[in-house]
Amino acid sequence: MKKIWKEIAFANSLIIDVLSSVYTWSEKLSLLRVLLWSLLMIKLKSGTEEISQRFLGLRVSSYGYFNLVYLIKEVFLKGEYEFDTKTNSPFIIDCGANIGMSILFFKKYYPNSRIIGFEPNPDVFQLLKKNVEQNNLQNVTLNNFCLSGSEGEVEFFLDENKGTLKGSIISKRGGRRCVKVPSKRLSDFFEEEVDLVKMDIEGAEKEVIHELVRSNRIGIPKTYLIEYHHNIPGQDSEMGDFLSQFEDQGYQCSIKAGFNHHGEFQDVFLSCSKREKSVR
């Protein structure tokens, strides 16, 4: 009975999130249809086989309905990937593009954007490529390698079940399956102007940002949106040092996180944007 009430509460929260969103009524109905249908399908068959659904004029393939619901909620309902830009063709770098939900979001709301996406997980990359192609997205370049502090090759840890979408250069954040993947420096992909760097790379963000500091290129992007993985077991807490790297470059940082007990792992969402220069 407790599980049933939990499922009802979750469905209720999704409905409230959709109805209170900024979408038009037709868009809200599109989201409600796919979310409620997916919840029903989770009850009927909870596997992680490849599925495909339409919403908001997009066709999205995913490994299982649970992942689809989770990613729609995270990307399209939370609104965390919205950012201010003065150009109608922003240059966006998506680090940890997963199956492409964030790229679909950017292309829907910044249609003239130019996007470079990185996703090292070979299983997930297949769906990322498929989602970009089946929605006919233009000016999107996809890269199937890892971002790290140096160029070369790294061990990448995956879950044996590809449907979990797990993957990390940190074994405790990935899984038992280990593959070798090429690694590159993010700084090598920066141009004179970068409007947004979105980053969700399962604990590798510290190494990648440290390299941007060393190469003196951390200050190029106008905005960073980062999923910071705080208190990873076996690692020292470095959140203060991590934030100071942005503040030292003139970024204003906002933090969003749920409450966790002292020392517990925590996902922290960071939004860091360049401060507007005062005019005298």
If ASP236, ASP17, ASP123 are placed from fewest to most neighbouring beta carbons inside 10 Å, the sequence is ASP236, ASP17, ASP123
Note on the chain, DSSP bridge orientation, antiparallel percent to nearest 5 equals 60 percent
Would you mind checking region 183-217 for residues with the amide N under 17 Å from a putative spin-label position 7 Å along Cα→C-beta of THR48? 202
So what are the radius of gyration and Dmax for the Cα set of region 139-224, in Å? 13.8, 40
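What length, rounded to one decimal in nm, is gained on full extension from TYR70 through to ASN161, with 0.36 nm per residue of separation minus their alpha-carbon distance? Don't jump to the answer; show the numbers that get you there.
On the way: separation 91, 0.36 × 91 = 32.76 nm, distance 1.72 nm.
Gain on extension, TYR70 to ASN161, equals 31.0 nm.
Please compute one quarter of the surface area of the Cα convex hull for region 1-69 and express it in square nanometres. Kindly include the intermediate steps, with their values, before the conclusion.
Working: hull surface 18.7 nm².
For the Cα atoms of region 1-69, the hull's average projected area reads 4.7 nm².
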Computed Rg/Rh of the chain, alpha carbon atoms with Kirkwood Rh: 0.95
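Please report SER89, SER21 as a ranked list, fewest other C-beta atoms within 10 angstrom at the top and most at the bottom.
Ordered from fewest to most neighbouring Cβ atoms within 10 Å, SER89, SER21 come out as SER89, SER21.
Can you figure out the FRET efficiency of THR141 with SER215, using R₀ = 25 Å and their beta-carbon distance, to the nearest 0.05?
Values: r = 21 Å, r/R0 = 0.84.
Given R0 = 25 Å and the Cβ-Cβ separation, E is 0.75.
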Got a sec? How would THR141, THR48 order by Cβ neighbour count within 10 Å, fewest to most? THR141, THR48
For the chain, with +1 on Lys and Arg beta carbons and -1 on Asp and Glu, the positive-most of CYS253, PHE118, SER89 along the dipole: SER89
Considering all alpha-carbon pairs of region 1-131, what whole percent are spaced by more than 26 angstrom? 25 percent
Could you give the nm distance between label points at GLU247 and LYS6, where each point is 7 Å from its Cα heading toward the beta carbon? 3.8 nm
Counting only DSSP beta bridges fully inside region 65-202, the antiparallel percentage to nearest 5 is 40 percent
If a/c stays under 1.5 just call it rounded; otherwise compare a/b with b/c (prolate if a/b is bigger, oblate if not). Do that for region 113-157, with a ≥ b ≥ c from the square roots of the Cα gyration tensor eigenvalues. oblate
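If you place +1 on the Cβ of every Lys and Arg and -1 on the Cβ of every Asp and Glu, how big does the dipole about the Cα centre of the chain come out, in debye to the nearest 20?
Working: 36 positive and 37 negative charges, 204 e Å.
Charge dipole of the chain: 980 debye, to the nearest 20.
Give, in nm to one decimal, the length gained when the segment between VAL22 and LYS78 is fully stretched (0.36 nm per residue of separation minus the Cα-Cα distance). Write out the running numbers ahead of the final one.
On the way: separation 56, 0.36 × 56 = 20.16 nm, distance 1.07 nm.
Contour length minus Cα-Cα distance gives 19.1 nm.
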Full extension between THR87 and ARG59 adds, at 0.36 nm per residue less the Cα distance, a length in nm of 7.4 nm
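Since every read-out is calculated from the coordinates, none of them should be taken as a lab result. All of these numbers come straight from a predicted model, not from anything done at the bench. Glycine gets a Cβ as well: all are built from the backbone with ideal geometry, and neighbour counts include every protein chain shown.
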